[in-house]
Amino acid sequence: MKREVIKGLVVVGLVFLVTMGLFPGGIVSGAYSNETAFSPEFRLKSLYMGAYLVSFAYDGDTPPYDFHKDIRPPEWWKQEEARVLSLSDEEFKGELRNNLEKIIAHFDPSCMQWNKEFLEEIVKGAFPDLYNYINQVYVMKNSSGIQSNLQPSNATNYTPGSTTRTFPNIMYSNLGNAIGGFFCRIDWSWDTTQITSVLPSTWEEVYAPLWWYQGIVANQQYYVSPITFYKYVKGWFSYGVSPGYPITSNYPWLDIYVYAGGGSFYTFGL
């Protein structure tokens, strides 16, 4: 089973590289965006590129939203490549716009972030009206962060306790399927006056062909005060036929504060 999956990923990669013109006989064309005709490069980039991020901090082991149902097998990606490349320019543009409008209608800005690179390279040239709307409504609203449970009160005494909270950063394509996830879980305890222990852990999950996790590129953590612990971590995901030859890269990050009493606050992005 593992060999079949790997074989499928390699086949998808070869199809992509030939189509992109990176192998002899491939198609070579101009800029990705701002063209009247949607080139094969632009179409494939819109398919594989992370369009937006979703986050929903949760306690324990069960997330409130089962994002694993949005994962597609390698065969699906291969079929989508062929389908997207077969569309007329009018059909492709109409489908892409419809997907973007569905995303806008579905998500509350407080739990999602748009990939700025996707907005600049895919949306801006083709749909300037949607680009302007997203920047005015979403980018401004979700820049203030997410409050999970309660931030610390002015109380000087807490009820002793402990909790575990996971802070995810899930990347999606414009079709609504998951591409990859970057997670930080923090276990912490407190007594009546301060945090007594903190144990952070970070991991990744890759869901789409030819996406690779390259590791953590930034990581810092420290006590801001006896009642506040700070954690920042950034990961590196690359896209290409192998980890050593990336075509593009994404760097999801999580910026987290946890407090005595069990409260937390965080922001996320790409």
Whole-Å distance linking the alpha carbon centroid of segment 219-270 with that of segment 43-94 is 23 Å
With no solvent term and unit scatterers on the alpha-carbon positions of segment 35-145, Debye gives log₁₀ I(q)/I(0) at q = 0.16, 0.21 Å⁻¹ of -0.84, -1.25
Scoring only Lys, Arg, Asp and Glu (+1, +1, -1, -1) among other residues with Cβ under 11 Å from the Cβ of W211 yields -2
Yeah, segment 51-105 with a ≥ b ≥ c from its alpha-carbon gyration tensor (a/c under 1.5 is rounded, else prolate when a/b outruns b/c, oblate otherwise) is oblate
Length gained if S201 through T164 is fully extended, taking 0.36 nm per residue and subtracting the Cα-Cα distance, is 12.2 nm
Here, segment 197-262 modelled as identical Cα point scatterers in vacuum has Debye log10 I(q)/I(0) at q = 0.23, 0.26, 0.27 Å⁻¹ of -0.92, -1.08, -1.14
Once both label points are put 7 Å beyond Cα along the C-beta direction, the K69-E91 separation in nm becomes 2.9 nm
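Read the figures in this text as sums done on the coordinates, not as results from a lab. What you see is a predicted model; the values in this text were computed from it and never measured. Don't worry about glycine lacking a Cβ; one is built from the backbone with ideal geometry, like all the others, and counts go over all protein chains shown.
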